[in-house]
Structure formats: structure tokens, C-alpha cells
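Chemist: Sharing a structure, written as C-alpha cells. Questions coming.
What follows draws every value from the coordinates through simple rules; no lab data is involved. Keep in mind the model is a prediction, meaning the values are calculated, not measured. Cβ: placed from backbone, ideal geometry, glycine included. Neighbour counts: every protein chain shown.
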Amino acid sequence: MKRFLLIFIVLYTCEQDNTSLLPNSSGNLNVISVVLNDELWEGSVGTALKDSFSKSIYGLPQREPMFSLKHIPIHVFSGFVTKGRTIIKVQKAKISKTSVEYNKYAIPQIVIQFSGPSAKEILTLIKRDANSMVALINKREIVEKQRRIKKSLSNSLEIKNNLNINIKYPSVYRVAKSTDDFVWIRKDIKSGSLNLMIYEVSNKALLNRSYSQIRDSISKLHIPGPVEDTRMSIDDGYITGIKEGVLNKSKYTEYRGLWEVKNQFMAGPFIGYKFDDKKNDRQIYLDGFVYAPSVNKRSYVFELESIIKSIIID
């Protein structure tokens, strides 16, 4: 009897902790391994996957996909290839369904599978479920980026002390300017810089102004242009994208678009978040902007987004 109980306990423990036996997943951020046969990849199913999962990111000066898709034929999907962090599998099956599995071949990992008896029915699934799957993958990639950032965090207390909020950002960022209600951090890169402004607005006159007006007034005050009488402002000819949601129990509005310095040939993408801090009767703004001419900027904007989404408002 004791032997039976021991065997049961061992088996139960292994079943509950089977992820500990899995290898670590691999792959670059925002890259999806797409596993399906060549016929489906080259037909309407492949087109639908590309349209849904590699659509352009709004707010960048040139076309860059949200996710890069790496096609893997089914017959070579084995061994190291299965360790990708994000996998989409497409295959023929009797029943039409979209399924999601976690940590199937490695950890952390997500495997999304579209199955159906025909290409037409698989196509229907992709069109129906793609948006929710994109949101799921993006959320997990943010978490992964934040995990990597935590390996070398800044120990600066400027943001905490001045604004009473917490964000986690890499130690390579430095404080470029700090006041009682404003902090500007930046990271120098080979092609330019990544920047994040954090500030609060509690003046009722300002609260009635638009995001663009508030941002431009703050940047005029705190972010100097490259020469006298120049300043950064939102590009009036570029429509600002707006999305709303809730993050860490705080309501937010997300803004994306382009900034520019007129007559100085300086421009780039920005990503801004406005948080309603009703407890302290104020609005908190985190505005990230990138200056990196002649290079792709997806990874830079994604890094700023990941930092912003680590916010905790006290």
C-alpha cells in the first residue's frame, strides 16, 4: 500500500511539474514560426496569415510588420525548430477549430493552431480569430521584453520621487532632465536615441486641451531643438492613432504618430500613453519617441512600449 502511494505521488508530481523538463524557448522578439505545407503557404491561407499577422505597425515612417513570419514546412518541423517561442501551425483536420497551447515543446511558448477540413474553412478561422491571436501574442512578447529588461534595471529614483509612479527600464538609460513634475530619460544608440518623457497634468485648464496640444507644450518647455528657436512637435499631417484600454487597474489612452522638428530634417515615430489617476486627481503621460534615421524602428518603439507598460501608479 505504501509503495502504491509513493508511485502515485511521484507520478502526480511529474504531471504537475512537467514544464520543468522542457528546454528554454528561443527566437527573436516579434518573430513567429508559421508551420504549414507549401501549398497552403503559397495560397489564400498564406496570404491571410501575412495580412493578419504581418500587417504594418501604425505610426512608423516606413512599412514595418508587427510580426515577422518565418515559414517552416511541416516535414522539417522537428528538433530545434520546435523550440520557437511563438508558433502558428496550420493543418487539415476533420473538425474546424482554433486552439492555443502553452509550453508544448519549450518554455515559455505559445502554439496557435488553425485546423479544418479545407483551405476555405481554415481561411474562415484565420479571419475570425486573427485579431484576438495578434493581441495575445503581442501581450506575451511585451512580457518577454520586460523579463529581459529586468536583467539590468536602472536604480534611479527620479521618476518615483518626482511623480510617485514606478516603471522598470534598463540601466543604459540616463536621466536627461528632471523637475518636480517631469522626467526625461534617454538611451543613446548608434543611429540616434530612444527617449521617454514622463510628466503629470493636474491643471484644469490644461486638462481640457487635446493630447497634441499638451504634448507639444511640454516638449517645447523641456526638449530643446538642435538649434535656437526650434522645437519638436507632432506632425500635423499625420493622423494620430488612438486606442483605449486598462493596464494595471488604470485606464489609458494610447497615441501613435510622427514627430518632427520643422526645417531641421529631424523626425521619427512616437508612442504616448495617458493614464487617468483619479486617486491623485491628475493625468500621467508617458511619451516615448525615437530618433534613428535610415534604420528600422519597430524594435525601438516596442522597447518603449514595454517600458511604459511596466507602470505602477501609487
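Chemist: Length gain on complete extension for the stretch Glu158 to Asn37, per 0.36 nm per residue less the alpha carbon to alpha carbon distance?
Modeler: Working: separation 121, 0.36 × 121 = 43.56 nm, distance 5.31 nm.
Difference between extended and current length: 38.2 nm.
Chemist: Classify region 154-313 from the C-alpha gyration tensor, please: rounded if a/c falls under 1.5, else prolate or oblate depending on whether a/b exceeds b/c.
Modeler: Numbers: a/c = 1.44, a/b = 1.23, b/c = 1.16.
It comes out rounded by the Cα gyration axes.
Chemist: Which of [x] 23.1, 86; [y] 19.5, 70; [z] 18.7, 54 is the computed Rg and Dmax of the Cα atoms in Å for the structure on display?
Modeler: Correct label is [x].
Chemist: Give me the Å³ per residue figure for the convex hull around the C-alpha atoms of region 2-149.
Modeler: Values: hull volume 21.7 nm³, N = 148.
Cα-based convex hull of region 2-149, divided per residue, equals 147 Å³.
Chemist: A further question on this structure: Order these peptides, 256-264, 195-203, 277-285, by their mean beta-carbon neighbour count within 10 angstrom, highest first.
Modeler: Working: 256-264: 17.7, 195-203: 19.9, 277-285: 15.9.
Put in order of decreasing packing, that is 195-203, 256-264, 277-285.
Chemist: Something else now. Compute the length gained on full extension between Thr230 and Asp281: take 0.36 nm times their separation in residues and subtract their Cα-Cα distance, giving the result in nm to one decimal. Please list the in-between numbers first.
Modeler: Details: separation 51, 0.36 × 51 = 18.36 nm, distance 3.30 nm.
Taking 0.36 nm per residue and subtracting the Cα distance, the gain is 15.1 nm.
Chemist: Evaluate the Kirkwood expression for the hydrodynamic radius of region 226-294, namely the inverse of the mean inverse distance over all pairs of different C-alpha atoms, and round to one decimal in Å. Each step should come with its number before you reach the end.
Modeler: On the way: mean 1/r = 0.0737 Å⁻¹.
Hydrodynamic radius (Kirkwood, Cα pairs) of region 226-294 is 13.6 Å.
Chemist: Let me have the 222 nm mean residue ellipticity of the chain computed from DSSP H runs of 4+ only, each contributing -39500 (n - 2.57), with the sum over all residues rounded to the nearest 500. Please report the intermediate quantities before stating the final value.
Modeler: Numbers: 8 runs with 94 residues, N = 314.
Only helices count here, giving -9000 deg cm²/dmol.
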